[in-house]
Amino acid sequence: MAGLAGGAGSIDGRAGVRLPAPGTVDLLRALQRQVPALVVALALLLGAAGTYAATAVLGHARDLALETARVRAGSLARAYAEHVRQTVRRLDTALLHLRDEYGQDPAAFPARAPLQARLHAELAFQAVVADAAGRVVFSHPVPAAAPVLVDDRAYFRAHRDDPADRLRVSEPMVGRISGQPTLQFSRPVRLPGGGFGGVILLSVDPAGLGRFHDAAELGPAGFELLLGTDGVPRGGSRAGVAGLLPPGFPERDGEGVVRLRGPDGADRLVAYRRLAGEGLVAVVALDEAMAMAGYLGHRRSMLDVALVVAPTVLGALLAVAWLAHLQARQQHRLAEAQARLAETEERWRLALDAVGDGVWDWDAASGNVFYSPRWKAMLGYGEDELSPRIEEWESRIHPDDLDRTHADLDRHLRGEMPVYANEHRMRCKDGRYKWILDRGVVVSRAPDGTPLRAVGTHTDLTGRREATAALERQRAELQRSNEELEAFAYVASHDLRQPLRTIGAYLTLLEKDLAGKLDEDSRECIHFARAGARRMDRLVVDLLEYSRVGRRAKPSKAWSAGPVLEAAVAGLEADIAEAGARVGLPAAFPTLWGDGDELVRLFANLLGNAVKYRAPGRPPLVRVTWATADGMAHFRVADNGIGIPADALERVFGIFQRLHGQGEYEGTGIGLAICRKVAERHGGRIWAEAVPGEGSTFHVTLPLAPGEGA
Ligand code: ADP
């Protein structure tokens with residue numbers, strides 16, 4: 001018991017969990033319900049913002065990559081143009097050298113030309129000289145196998161018709177000596193007088209002239225192209241690339257870079273540069289896909305990252321939304337459960353308040369005891385007046401009840417009693433004591449059986465105890481006065497008989513002494529006086545008998561009803577014979593429990609009355625039957641006598657209650673009162689039914705002996 005220390009419970013509504021104000025709670029709950037939607041909206045917003053940012057970054061990177069590619073294409077075109085310009089210059093230089101050689105001595109030229117040609121060996125050309133008529137007079141290194149005429153060639157005619165000494169670059173054509181595609185660089189040959197003396201030309205492979213950069217530098221779809229300002233291609237990195245450009249390209253003079261999609265579907269950055277002096281345009285087409293490879297790779301990685309990151313972030317957000325949703329749902333359920341709990345506690349509190357019981361709740365962990373307001377009020381204390389300590393209870397128990405209370409509680413705590421229940425007195429605030437019924441039960445125990453929590457109630461027994469005590473006092477008083485009364489009746493009736501007998505004796509003496517001296521009237525007077533004394537004696541005897549019932553009670557015993565009834569009949573033999581009555585007893589009998597003499601008296605009175613109150617001219621027929629009912633033997637004593645009026649059926653059981661005068665039927669009116677006293681003393685009942693003029697039936701229930709069947 002010493003280990004008990006108080007705990008806080010929540011049975012009383014006011015001791016429950018403190019919650020925020022209802023309005024705030026509703027707002028919080030409403031917000032909480034919106035959390036999943038807010039998270040989804042945030043996810044969408046983040047997705048949109050991410051997409052926008054990625055698009056902007058990628059757009060910027062693409063512009064940057066495109067600009068870089070443009071610049072690069074421009075540089076390549078410039079380098080290409082420079083290469084072409086240098087090559088053309090060198091070819092022109094070689095042409096001028098050879099023409100000088102030829103001009104100095106045409107006859108010696110065939111011998112000297114190869115030497116000159118070797119000086120420009122890296123240019124790989126075929127040198128050809130044609131005379132003013134267009135006949136090829138010299139060809140090196142491949143000699144003309146047969147006479148060749150070039151007078152029909154455009155460059156020949158141009159030189160012949162144009163007095164200016166200018167370098168001409170032909171369209172690509174098949175060389176008449178080499179039979180190969182060639183590009184012919186030509187200058188006029190002047191006769192010593194200044195007349196047209198023919199042309200000297202260098203025939204070169206157009207492919208060699210048009211190719212400068214590595215194919216890898218330009219990309220798979222890239223190419224280089226050397227165009228004449230007439231729009232006719234002069235050479236290029238590959239055959240047929242001119243067809244990839246739109247007709248009339250380039251639209252402008254000078255230089256520039258344009259983005260073009262070719263008929264092959266490939267996008268290119270095409271840079272061009274016009275070589276004004278040479279009548280050529282150097283064109284470099286850069287494969288855009290290659291030029292933008294860095295950007296595209298960057299874009300792919302960004303997309304890859306986005307493909308991984310976006311679903312992850314989205315998934316995480318959705319998970320958060322889902323969790324928030326779950327939490328909101330959980331919160332909702334919790335709130336509902338709390339509401340239900342509060343409702344239950346309120347109901348519980350109201351029920352306890354209605355019953356008027358106080359509640360205590362002991363918590364072993366905190367060592368505290370919660371005392372409900374009603375618990376405190378029962379002892380006259382306010383809600384804030386007692387601390388939640390076990391001493392508050394213990395110190396108020398009446399010293400005489402303390403050990404007993406501790407013993408009972410300890411027995412329950414040890415598990416020896418299923419419920420702790422004890423009645424003890426407790427001191428109230430005003431110093432008075434109240435009887436309290438203290439009940440409780442351990443509601444949780446540690447695995448080793450140590451009590452962890454116990455709850456219980458206090459019921460105020462003061463009123464009940466006082467009522468019980470008052471009843472007990474009344475009962476004792478009644479019993480005492482009853483006993484006194486019975487003792488008085490016994491003594492009185494006993495003592496009354498003596499003077500009655502004396503009166504009777506003296507009346508007899510008087511009658512004898514005065515015999516013959518008395519007249520008829522006086523004799524009659526003496527006779528009445530003696531009859532009165534006799535009747536008085538009968539009354540006293542019956543009263544004595546009535547008061548004896550229960551006074552000399554013997555211990556209860558089992559009595560077979562057969563001998564009891566037979567004894568009763570035997571006592572009435574004379575009356576039965578005189579009346580010519582027939583008494584029918586049952587064939588079998590139950591065994592009764594009680595006082596044999598009193599049971600005989602009961603049946604003797606009933607049978608005697610049945611014979612006595614017979615109808616004139618009708619021999620009495622009495623019948624006794626029985627049955628068991630509610631664990632008792634139920635006897636019926638029926639006769640065919642005069643019967644009893646309905647309004648007297650209960651009255652006849654009263655003491656000295658008679659329905660007839662002495663002249664009609666003799667009696668004192670005590671027989672049935674004795675029957676009732678005997679029946680009730682045995683725990684049974686007696687009552688009557690009757691039809692006036694036809695007969696009466698007396699019912700009596702008596703206890704069966706233990707073990708008698710129901
Ligand atoms: P007593 O027989 O001495 O008058 P009881 O107490 O035995 O007194 O009976 C009370 C009255 O009940 C009787 O006076 C009689 O009027 C009536 N009574 C009793 N038994 C019967 C019966 N079997 N039939 C008719 N009346 C009866």
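The values are calculated or read from the model by the stated rules, or taken from the named source; none is laboratory data. Since the structure is predicted, the reported quantities are computational estimates derived from the model, not experimental observations. Because the Cβ atoms are built from the backbone with ideal geometry, glycine has one as well, and the counts that use them run over all protein chains shown. Keep in mind that these areas ignore ligands, DNA and RNA; they rest on the heavy atoms of the full protein, side chains included. Shrake-Rupley method; radii C 1.70, N 1.55, O 1.52, S 1.80 Å.
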Using per-residue counts of other Cβ atoms within 10 Å, averaged over each peptide, order 332-340, 165-173 from highest down. 165-173, 332-340
What percent do you get for the relative contact order of segment 492-634 when only Cα pairs under 8 Å and 6+ apart count? 23 percent
Dipole in debye (nearest 20) - the chain, about Cα centre, beta carbon charges: Lys, Arg +1; Asp, Glu -1: 1960 debye
Treat every Asp and Glu Cβ in segment 370-433 as -1 and every Lys and Arg Cβ as +1, leave all other atoms uncharged, and give the resulting dipole magnitude about the Cα centre to the nearest 20 debye. 140 debye
Cα pair distances in segment 316-469, grouped into 10 Å bins until the bin that holds the longest one, percent each: 10, 31, 29, 14, 8, 5, 2, 0
Other-chain or far-sequence residues with amide H under 5 Å of Arg238's (modelled H): Glu224
Picking from Leu244, Leu227, Pro263, whose Cα lies most toward the positive end of the charge dipole for segment 204-272 (charges on Cβ: Lys, Arg +1; Asp, Glu -1)? Pro263
Kindly rank 473-484, 78-89 from highest to lowest mean number of other beta carbons found within 10 Å of each residue. 78-89, 473-484
Show me 219-229, 47-57 ranked by packing, highest mean number of other Cβ atoms within 10 Å first. 219-229, 47-57
Which log10 I(q)/I(0) values does the chain give at q = 0.06, 0.10 Å⁻¹ under the Debye formula, counting every alpha carbon as one identical point scatterer? -0.76, -1.07
Of all the Cα-Cα pairs you can form in segment 30-144, what percent are over 17 Å apart? 73 percent
Find the relative contact order for segment 247-386 and round it to a whole percent, using C-alpha pairs within less than 8 Å whose residues are 6+ positions apart. 9 percent
Skip the ligands, DNA and RNA, and give the accessible area per residue of the chain with a 1.4 Å probe, whole Å². 54 Å²
Mind running the shape call on segment 194-243? Use the C-alpha gyration tensor, a ≥ b ≥ c as the square roots of the eigenvalues: rounded below 1.5 for a/c, prolate if a/b tops b/c, oblate otherwise. prolate
Within the chain, how many Lys pairs sit with Cα atoms under 22 Å apart, leaving out pairs fewer than 8 places apart on the same chain? 5
Mind putting a number on the dipole of segment 182-244 about its Cα centre? Charges go on the C-beta only, +1 for Lys and Arg and -1 for Asp and Glu, and I need it in Debye to the nearest 20. 300 debye
Calculated FRET efficiency, Ala289 and Leu323, Cβ-Cβ r, R0 60 Å, to nearest 0.05? 0.85
Rh by Kirkwood over Cα pairs, then Stokes-Einstein D for segment 599-705 at 1.002 mPa s and 20 °C, µm²/s: 153 µm²/s
Let me check I have the definition right: for segment 272-364, take the eigenvalues of the Cα gyration tensor, multiply each by 5, take square roots. What are those semi-axes in whole Å, largest first? 84, 11, 8
For the pair Val148 and Leu115, the simple spin-label estimate (label points 7 Å beyond Cα toward Cβ) gives in nm 2.5 nm
Alpha-carbon centroids, segment 71-93 and segment 599-632: separation in whole Å: 159 Å
Cα centroid of segment 411-450 to Cα centroid of segment 464-505, whole Å: 46 Å
With a ≥ b ≥ c taken as the square roots of the eigenvalues of the C-alpha gyration tensor of segment 665-710, please select rounded if a/c is under 1.5 and otherwise prolate if a/b is larger than b/c or oblate if it is not? oblate
The chain - share of DSSP beta bridges that are antiparallel (%, nearest 5): 95 percent
Set Lys and Arg Cβ to +1 and Asp and Glu Cβ to -1, take the dipole of segment 50-97 about its Cα centre, and tell me which of Gly59, Thr87, Ser75 lies farthest positive. Thr87
For the chain, with the dipole built from +1 on Lys and Arg beta-carbon atoms and -1 on Asp and Glu ones, taken about the Cα centre, which of Thr344, Val443, Leu218 lies farthest toward the positive end? Leu218
Directionally averaged shadow of segment 392-475, computed from the convex hull of its alpha-carbon atoms, nm²: 6.7 nm²
Relative contact order (percent) for the chain, with alpha-carbon contacts under 8 angstrom and 6 or more residues of separation? 10 percent
Segment 653-675 and segment 259-277 have their Cα centres apart by a whole-number Å value of 152 Å
From most to least accessible, 1.4 Å probe, no ligand or DNA/RNA atoms counted, Glu394, Glu689 line up as Glu689, Glu394
Is segment 450-595 rounded, prolate or oblate when judged by the Cα gyration tensor, a ≥ b ≥ c being the square roots of its eigenvalues, rounded requiring a/c under 1.5 and prolate requiring a/b larger than b/c? oblate
Cβ-based net charge around Val442, under 15 Å, with every Lys or Arg adding one and every Asp or Glu removing one: -2
With only alpha-carbon atoms in the gyration tensor, what are the semi-axes of the equivalent ellipsoid for segment 399-529, in Å, largest first? 77, 16, 11
For segment 528-682, count all C-alpha to C-alpha pairs, find those more than 24 Å apart, and express that count as a whole percent of the total. 37 percent
Using only helices, what value at 222 nm comes out for the chain when you add -39,500 (n - 2.57) per DSSP H run of length 4 or more and divide by the total residues, to the nearest 500 deg cm²/dmol? -16000 deg cm²/dmol
I want to check the label-to-label distance for Leu27 and Ala646. Put each point 7 Å from Cα in the C-beta direction and report it in nm to one decimal. 8.1 nm
With the full set of protein chains in place, find how many percent of the accessible area of the chain is carbon and sulfur; take the probe as 1.4 Å. 58 percent
In whole Hz and in residue order, list the ³J(HN,Hα) couplings for segment 432-439 that follow from phi through the Karplus curve 6.51 cos²θ - 1.76 cosθ + 1.60, θ = phi - 60°; x for Gly and Pro. 7, 9, 10, 7, 10, 9, 9, 10
Expected vector for segment 185-196, Karplus 3J(HN,Hα) from phi with 6.51, -1.76, 1.60 and θ = phi - 60°, integer Hz, x for Gly and Pro, equals 9, 9, 9, x, 10, 9, 6, x, x, x, x, 6
